[in-house]
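Below: the structure, in structure tokens.
The values are calculated or read from the model by the stated rules, or taken from the named source; none is laboratory data. Note that the structure is predicted; figures quoted are calculated from it, not measured. Heads up, the Cβs are rebuilt from the backbone with ideal geometry, glycines too, and the neighbour counts pull from every protein chain shown.
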Amino acid sequence: MLKNVGESSLDEITLEKGFYILHFQNESNTIQNFVREIDSSFIQMHFCLRGNSKFLFNNGSYSFDVLDNRSILLYNPQRTLPINLDIQPKTTLVSLMISIEKFHSLFSKESGYIPFLSSQNSNKKYYDDAEIKPTVSIVLQQIINSNINSSVRDLYVKGKVYELLSLHFQKEESTSSEYCPFLVDEENVLKIRKAKEIIISRMAEPPSLQELSTEIGLNLKKLKEGFKQIYGDTVYSFLFDYKMEYSRKLLESNKFNVNEVGLQVGYSSASHFIAAFKKKFGTTPKKHVMSHNQ
């Protein structure tokens, strides 16, 4: 079972009965394993936004990979497909579990062009491997980077998951009309993803916006606009939230003191780090650790 310690985390949101989403983030240098029983009534959709993961079946007797920027869909009404997942280092994976009953309720009118809902595939096992569309990638990033108030986060994520499903199964000829040209240009989306990875990897000493713009090969205006459209926030506001979440996990691991954590995320003085942490979480790092340990 993957735990929220240090550089590895699992975020799970239950949208309703028979419908939930998992977000795996492995920023460590070691493989993390996740195991969960899933019964045969569920469709599994796994989206690898970065890195790669390996699914193991029959006690590891056979396996297959979910590679960078690929998605897989699994459904087998004849037998259970429990998740036994090796998440490789530097990997971001989002998994959607939806019961076939719930799926039918959403797509009953579209069953004609969704292969595994067709009459000839009814009650048969189904597997699909596809590249993640740029429009789907945007929605996935918005889901995992949602920083809105927790009381409405589940509602926000549920709406985004519906959008995700509609875009994933949408016929190709109609996708481009829904998004501006910048976001359906995969090269631009990849550059913005690279910008995010750069600021995360150098969060203690991040580059300036101009330096970042030059490094990814995208002009400053497009960097600002594209980052906001994909991640829902400005570059440095996104980085602040990431640094605070990262520091919270480090503190909760009980492996580092407040000064050490502050230095790791780029604060040269403990007082500045404490003030930033309190701004984000409404409490000091020390009080947060005490509350967490209790």
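Of all residues in segment 142-185 being at pLDDT below 75, of a type in the set (A, V, I, L, M) and part of a helix (DSSP H, G or I), which is surrounded by the most Cβ atoms within 10 Å (Cβ to Cβ)?
Filtering first and then ranking leaves L183.
Kindly indicate the residue of segment 220-233 that is within 17 Å of Q141 (Cα to Cα) and modelled with pLDDT of 90 or more and also surrounded by the fewest Cβ atoms within 10 Å (Cβ to Cβ) among those meeting that condition.
K224
Report whether or not L218 is outside any helix (DSSP H, G or I) and within 13 Å of K194 (Cα to Cα).
yes
Between K109, K125, which is modelled with pLDDT under 80, out of contact with any His (no Cβ under 7 Å at 6 or more places or on another chain) and within 27 Å of F34 (Cβ to Cβ)?
K125 is the lone residue from the list that is modelled with pLDDT under 80, out of contact with any His (no Cβ under 7 Å at 6 or more places or on another chain) and within 27 Å of F34 (Cβ to Cβ).
Confirm whether E252 is charged (D, E, K, R), surrounded by 15 or more Cβ atoms within 10 Å (Cβ to Cβ) and more than 22 Å from Q141 (Cα to Cα).
yes
Applying the selection to segment 258-277, what residues are on the phi < 0 side of the Ramachandran plot and surrounded by 15 or more Cβ atoms within 10 Å (Cβ to Cβ)?
Those that are on the phi < 0 side of the Ramachandran plot and surrounded by 15 or more Cβ atoms within 10 Å (Cβ to Cβ): V258, V261, G262, L263, Q264, V265, Y267, A270, F273, I274, A276, F277.
Quick one: how many residues across segment 283-294 are under 25 Å from P206 (Cα atoms) and either loosely packed, with under 15 Cβ neighbours inside 10 Å or free of Cβ contacts under 8 Å to residues at least 12 places away in the same chain (or both)?
Total satisfying the criteria: 1.
Residue under question is Q88, and the condition is that it be more than 20 Å from I138 (Cα to Cα) and either among the aliphatic types (A, V, I, L, M) or surrounded by 15 or more Cβ atoms within 10 Å (Cβ to Cβ) (or both); does it hold?
yes
I'd like the full set of residues that are outside any loop (DSSP other than H, G, I, E, B) and closer than 27 Å to S213 by Cβ, limited to segment 248-278.
Correct list: Q264, H272, A276.
Within segment 52-66, is there a residue that is surrounded by 13 or more Cβ atoms within 10 Å (Cβ to Cβ), modelled with pLDDT of 85 or more and in contact with a Cys (Cβ under 6 Å, 6 or more places away or on another chain)?
The answer is yes, given that some residue of segment 52-66 is surrounded by 13 or more Cβ atoms within 10 Å (Cβ to Cβ), modelled with pLDDT of 85 or more and in contact with a Cys (Cβ under 6 Å, 6 or more places away or on another chain).
Does G217 count as crowded, with 17+ Cβ neighbours inside 10 Å, touching a helix residue (DSSP H, G or I) at 6+ places or on another chain (Cβ under 8 Å) and at pLDDT 90 or above?
No; evaluated as a whole, the condition is false for this residue.
Please verify whether segment 240-247 includes one or more residues that are farther than 23 Å from I138 by Cβ, surrounded by fewer than 16 Cβ atoms within 10 Å (Cβ to Cβ) and touching a residue at least 40 places away in the same chain (Cβ under 8 Å).
The answer is no; no qualifying residue exists.
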